[in-house]
Structures are given as C-alpha cells and as structure tokens.
Amino acid sequence: MTNIDRRQFLKNMGMISGGVLLATSPWFSAFSEQKHTIGSKARIGIIGPGSRGQFLMSFLVQNPKVEIVAVCDLYQPAIVAALKIAPKAKVYTDYQKLLDDKNVDAVLIATPLHLHYEMVMDAFDAGKHVFCEKSIAYSMDETHKIYKKYKSSEKVFFVGQQRLFDPRYIHAMEMVHSGDFGEISGIRAFWHRNNDWRREVPAGATDEQINWRLYRDFSKGIMTELACHQLQIGTWAMRQIPEKVMGHGALTFWKEKREVWDNVSCIYVFENGVKMNFDSVLSNKFYGLEEQILCSKGTVEPEKSKYYFEEIPPAPAFLQLMNDVENALFGSMTFAGTSWAPETANVNTGHYLLDKKPESDGTSLLLEAFAEAVITQKQPPLIAEEGYYATQLSLLGHQAMKEERTLNFPEQYKIDYLNHKIN
Amino acid sequence: MQYQQRIFSDGLKLFYAWFEALHTRVDLAICSKIDQDGLVEFVKMLQIEIEKFELIGNRFDPKSEISHVNTNAYKSDVVLSNELFEILSDCQMYNHKTYGYFDIAINSTNHLKPKEEAYLLDSQKQTIRFSNSGILLDLSGFLKGYVLERLIKIAENECYANLLINLGNSSIFAKGNHPCGKGWKIQHPENNSDCVLLNECLTTSGNNGKTKWPIVNPTDRVAVTTKKSVSVVTKLPAVGEVLSKVAYLATENERDKIFEIFGARLVK
C-alpha cells in the first residue's frame, strides 16, 4: 500500500477524522505519529525467509521507512531467494549472531512453529523488537512465557494476525460493535481446502524442513496454521475470551506421510453460552473459508465482505428516491404492483461491507504498523493480546481434541485482557 | 424497523424507514425538517398502530379478534371492539355499494343464497352473528387500505405534510409533495406510465401468478386465473382496496357506475 493509498484508507475508515476506528481497532494508533517518523527507518532482520518470510519481505521492501538489514536461514535456497528481495541484507546462518548485530532494531520471525519460542525469547533478551508469525509458539506454556517476556521487555511485539488490519474485517467489527446487527448469537468459522498441503521437496532438503506443518513435533497442523486466524475474529467480535472448548480431530483422507489431522471440529463456548465453531476439512474446498458472525438482526461474512440483515432489505425504489433528491430530480418510482409477500420476495443477497474490493488482506498495513511501532518504540494497544489469545485458543482446541474432553481455559495462562481482567 | 436519512443543503431531510408487517413490507419516505429521533418515534407510532390492527384482523393468527369471530359468531353473538365493528360495518357497506363484488366472506365454505348477508351487525350491542355455518371472514383484501387510512390520520395529527407510505407495493398513499416536484410520481406496473399522486392512494390488485390467495369472483365463486393487475386511484385507501377488486371483476358498465359513486379513477 502506498502512502496515498494508506492515507485514503485511514480516512475512509475514520482514522483521520477521529471516528470509531480506534474504538474497534485501537492498534491503529500505531499510525498516529506517521508524519513525525518520515525519514526514520526501522532496521529489520528476517529470521526464516522461507516462502512466508519472503512474502512478508516483499511488503517490507516497499516501505521507505523499512530497511531489511539482515536475513538468517540454514536453508541456502531461502537465503538466495531472500537476497533477491533485499540484496543488501547481511546473511547469517546462526540467528544468535543476527541478534548480536547492533544494526538490527527488530526481527521478523517466520520459522517453523516449534522454533518460535527460543528465537522470540532470545530476541527480547537481545533487546530487539519482535514480529512473530502466527502462531506464537508450539505450546500454551511457551506462549505464556513469551507474553510475559514481552511485557517485561518494554519492546514492541506483533503477531502475524493480518485480519486485524484488513479493511473488510475492521468495517465488519465496527458494524458489529455498534449494534447494527443486534446481539451475537453464534460464530461459525471454517476453513476448507482440497489439497494435501504438501510442498515439493528440493534436492538437498528434508521433508521435515519443507513440510514441517505436517509433523506433530513441529506443528499443531490446522489449529496453529489456520484456526488461529479465525479464532481471533471470534474474540474480536465478542470482545470476550471463550471459557471452554471441546472437539474432535482425525486423519481421514491424506493419510500418507502425515502426522497432523486433516479433519478437525471444535466448539468454543463463551461465558454467555454463545458458541464459536471452527471446522476444517482438507479434502473438500466447496465452502472455502469464512467467519460467519450470526447476530440477532443480521449476519456478517467478512471474508466475502458481505452482510445480510435478518429483516427485509430496503426497497431499491426508495433508495433511488434518496439519490434522485440528492440530484434534485423528480423521478418516477417503480415499485407499485400486486402485494409483496415474503414468499414472493427476492432472495436476500446481502450488501457489501466496502464500496470496492480491498487491495490488501491487511498484511501490508500490519507490517507498516510494525515499522511505525519500531521507530516510535511504542507498542500499540491490544495487538499483542489479540495475538496471544488467538494462539492460546488454537492450542487449547488442539489439546481438547487430543484428550477428547472439554477443557476450560487454564487459569495460569489468563492475562489481563477482556473478561480475563486480573485485578 | 430499519431506516436511513439524508440531509440536503437547505436543511431538508429525507427519511426512509422500512419494516415487515401485515405479512408484507412497509416503506415510508418522509420529507421534513424534524430530527431523526423524532422521525423514528413517529414511525414507531405507526408500527404500533399497524400491530394493533394485525392483532384484530389477521385471520391466520388464531389469537386475533377476527379468528375469535370466525370460530364463535355462528354459535352466538360476539361482542366486537370498536375498531372491528367499524371495519365490518364498512365492509358491509362496500359490499352493498359494489353489487357484491367486494365480499370479505368470499372464502366461506357454506355458500350463501343471493342477497343473503353473511353476517349481521347489531350497532346497539356492538355484536356480530353469522347468518349461517361455514362463514369465514377474511380481511386480507381490505385491511391494508383501512390501516393505511389510519396511518395517514396519525400523520396529519402529527403535522407531517409530505410523505409517501407503501404497504406491500399494492397500497401506496402519497401525501403532499416530493422534495423536487408536485405530488409523487409512481410508475404504473402494467404499462410503465407515470401516475402522479397528490393526497391520493394508488391501489393495485391482480394475479401475478405467484399469489397464494388469488382473487375469487363472488358472483360465480371461481378464482380468476388471468395474469394481469389493475390499479385505481382514490382519495381513501380503503376505497382503493375495494375498487381494485371491483375493477378486476366487474363488467365495464358496472365498474364505471361504481367508480363514479366513489369519485375514483382507473389507471390506464
């Protein structure tokens, strides 16, 4: 996103006019000093410039306030690809050496999940600001330790939950929080694919290196790779953390050379009884992905960028009337006819959340916000906490499925946030 | 209720509210300088009025007053509310004035003899008694117009001069003026010509092929299958409901005579 695009985006979302944006998405305060940070640079080191890391780098190099000063990976092809994006970056094969580099202000960690904990902890110890790809860590205990470390570090901590910066989701949350759709009755999140999630293993690499997501020692599969994005939408919409979770996971279709489940279903229960379902099957893609926020007066589908009112939609002729009057036209209204009845009404096709399709899914803005925060050394509110609970809920769901029983959110992992407020 | 408001440069506000009631949709466009909260309150007042008559006149609701009448009025006299007594008195009067083409007892299972009244009203006791078993009173073809009249009265009492009220697309009352012209221009559904309404009601009846309850001709009790609609313009919406059926069923000669009595015009 260019600076002009970003300004327009922020203006559209009410940021510049001091509108409701900050109430729904307080992390946008990261941009509050963007004029003062012109000319400054966040010097970032990339730990793990694999496919995801390179994708993130492609946004970072477009930002004049960012300089990618270092890259680190054991896998040589990843380094070669990363240098094509950031040719001046210093190359490391030992991340500790990168952390010792005084020219690095912040690190972006995009390594396999099981490596996050040690790297994030070491990065904070080295005095670096941290952007960690989701999920934060492999276990709830590690995730909690990382959060505590961040809190004591006075450094910036971002998690790769890009939906927090996605215009569709932001507008959806504004509408949900304003009460336009009434009370939330349920959330149905699903992410279905029809592929084995397997990447080709080049000569010289191991399957564990390339397809680490499929091995249980390195990943919790669907939960840590997909669910954590969608569970965060639930807590954002509800402004609550669920109390408990139950579910079932299984390997049903892609059985070869795979240890993680390809078919999961979890039910998260909030204090008021509202449920958030998460389902994923990797052998059918018909319904794709969506987070359906079901409210008493309407439904929101942010991924499709649509919302639907339970009640009847406005009559097109009356909307035309409003436009005619705006243009000083005495137009004719076309709606007279035999009686309108619900059974003869058109199917509810809903309305679009935004006038036009957004150009970004939030990733570029998320990274720009990180750069701003690194420069100002100010942590935007709530962004770390949203990432924290997204990870913890995905891990708790995985644990519930593994144990095949209902698990309450463990007291020891609660932090001072939303309904987990600690006095 | 859902609503939108636009404010124009001269302070004029165009308020649009819509909701579902009477088993159909209701749309209101109001031109006024009153603030949005005041307009919302006004529309809520109209909603309450509609709900009141829905409870009285919806024969599909077993708890409605008309359902109580349909169940009990053959066995004994049934005391009526002021509102239902007035509605049924009006319907009887319209039945007489339209040579029986307008008939709220058309869906009765026990056919009446010619000129036989389906129900007898006692104005002293404010009661009704059916003349025969199997009588079923159905206000579906009248209630919208009657309710629309009540809404217009409320609007007048509240000093709203310019508004458009649509009950289900088939009953449209235009009061006062469009912000940019005299009256309100509504396109006629059959021939797409414009019809300007000024303190008048446009009522449409007919068969669009989707209607669950087609119009039945009281003279031969046969459902009309011709796919067409007719629209009439009247001063009173209830009269519009009555005459739109007449225009659909009566011969041309009869229709012209009836229309003359009511000062109505057929939209051609």
Show the residues, 5+ positions off or on another chain, whose built amide H is closer than 5 Å to the amide H of residue A:310.
-> A:298, A:299
Enumerate the calculated ³J(HN,Hα) couplings along region A:215-226 in order (Karplus 6.51 cos²θ - 1.76 cosθ + 1.60, θ = phi - 60°), each rounded to whole Hz, writing x wherever the residue is Gly or Pro.
-> 10, 5, 6, 10, 7, 9, x, 3, 5, 7, 8, 10
Please identify, among B:150, B:221, B:255, the residue showing maximal mean-square fluctuation in a Gaussian network model of chain B using a 10 angstrom Cα cutoff.
-> B:221
Can you run phi through the Karplus equation (6.51, -1.76, 1.60; θ = phi - 60°) for region A:45-55 and list ³J(HN,Hα) in whole Hz, with x for Gly and Pro?
-> x, 9, 9, x, x, x, 4, 5, x, 5, 4
C-alpha center-to-center spacing [region B:76-150, region A:125-167] in angstrom = 74 Å
Per-selection metrics, region A:61-179 (Cα): Rg and Dmax in Å | 16.2, 52
Kindly give the semi-axes, whole Å and largest first, of the ellipsoid equivalent to the protein assembly as shown, taking each as the square root of 5 times a Cα gyration tensor eigenvalue.
-> 67, 28, 21
Between the Cα axis of helix B:82-97 and the main Cα principal axis of chain B, the angle (0 to 90°, nearest 10) is 70 degrees
Computed [θ] at 222 nm, deg cm²/dmol, the protein assembly as shown (DSSP H ≥ 4; -39,500 (n - 2.57); rounded to nearest 500) = -10000 deg cm²/dmol
With the Cα gyration tensor of region B:60-130 in hand, give its eigenvalues times 5 under a square root as the equivalent ellipsoid semi-axes, listed largest first in whole angstrom.
-> 19, 15, 12
Between region B:1-38 and region A:52-103, how many Å separate their Cα centres?
-> 57 Å
Can you put B:8, A:318 in order of Cβ neighbours within 10 angstrom, beginning with the fewest?
-> B:8, A:318
What is the helix-to-structure angle for A:167-177, meaning the angle in degrees between its Cα long axis and the longest Cα principal axis of chain A, kept from 0 to 90 and rounded to the nearest 10?
-> 60 degrees
Just how far, in whole angstrom, is region A:399-423 from region A:219-243 if you go by their alpha carbon centroids?
-> 13 Å
Comparing A:166, A:94, A:324, which has the greatest mean-square fluctuation in the GNM of chain A with Cα pairs linked when under 10 Å apart?
-> A:324
GNM flexibility winner over chain A from A:374, A:325, A:300 (Cα, springs under 10 Å) = A:325
A correct Karplus calculation of ³J(HN,Hα) over region A:264-273, with 6.51 cos²θ - 1.76 cosθ + 1.60, θ = phi - 60°, whole Hz and x for Gly and Pro, returns 10, 8, 10, 10, 9, 10, 8, 3, 8, x
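No value in this document is a laboratory result; all are computed from the given coordinates. It should be emphasised that the depicted structure is a prediction, and the values quoted were computed from it without experimental measurement. Don't worry about glycine lacking a Cβ; one is built from the backbone with ideal geometry, like all the others, and counts go over all protein chains shown.
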